[in-house]
Amino acid sequence: MTFRFALAALAGAMIATGASAQTAGAFMQNPAFKDPAPAKCETTFDMQHCAAHDLRVADAQMSARYSALRARLKPAARQKLLVEQRKWLAERDRGCIAKGDRYRGGSIAPVVVAQCWVDVTKARAKVLAKR
């Protein structure tokens, strides 16, 4: 078994069997999906790897916008924003996992979940930037 195949099997098992238990944060940190992203995102594993990379980029942008907004707020508003962000994070994971559950464990389900996390995180960054 090659190292790449072993990583793919591990990542697939982690995501396919535990998608409903996994968070976007855990997905981004999966050692099978380290940067750089593959040159082509054609296989299911590579699609997940590309999505993990895209999610790290989107998450960094969202975090920067969150921090910039937080720095401009007074303490009470900061606390309100923190509660809002934590709620949003939980909803992001729950909503995207529900999208993947529609595929009933098919091989595309983890890709659907991962791409949802990317899209929703980018949207959140835009919302934070407008505030």
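The values are calculated or read from the model by the stated rules, or taken from the named source; none is laboratory data. Because the structure is a prediction, the values reported are computed rather than measured. Every residue, glycine as well, gets a Cβ built from its backbone with ideal geometry; the counts of neighbours run over all protein chains shown.
Show the residue pairs that are 6+ apart or on different chains and have beta-carbon atoms under 6 Å apart, the first residue being within the stretch 93-109 and in contact (Cβ under 8 Å) with a residue 24 or more places away in the chain and assigned to a loop (DSSP other than H, G, I, E, B), the second being of a type outside the set (Gly, Ala, Ser) and surrounded by 12 or more Cβ atoms within 10 Å (Cβ to Cβ). Partner pairs satisfying both residue conditions: 107/44.
If you filter the stretch 100-127 down to residues that are at pLDDT 95 or above and of a type outside the set (A, V, I, L, M, F, W, C), you find that the one that is surrounded by the fewest Cβ atoms within 10 Å (Cβ to Cβ) is 126. Within the option set 77, 71, being surrounded by 12 or more Cβ atoms within 10 Å (Cβ to Cβ) and part of a helix (DSSP H, G or I) holds for one residue only, 77. Scanning the stretch 120-131 for residues that are in contact (Cβ under 8 Å) with a residue 60 or more places away in the chain and either touching a strand residue (DSSP E or B) at 6+ places or on another chain (Cβ under 8 Å) or under 17 Å from residue 58 (Cβ atoms) (or both) yields a count of 6.
Here is a yes/no grid of residues against (1) out of contact with any strand residue (DSSP E or B) (no Cβ under 9 Å at 6 or more places or on another chain); (2) of a type outside the set (A, V, I, L, M, F, W, C); (3) over 11 Å from residue 24 (Cβ atoms):
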{"position": "64", "(1), (2), (3)": "yes, no, yes"}
{"position": "68", "(1), (2), (3)": "yes, no, yes"}
{"position": "75", "(1), (2), (3)": "yes, yes, yes"}
{"position": "79", "(1), (2), (3)": "yes, yes, yes"}
{"position": "92", "(1), (2), (3)": "yes, yes, no"}
{"position": "99", "(1), (2), (3)": "yes, yes, yes"}
{"position": "107", "(1), (2), (3)": "yes, yes, yes"}
{"position": "112", "(1), (2), (3)": "yes, no, yes"}
{"position": "118", "(1), (2), (3)": "yes, no, no"}
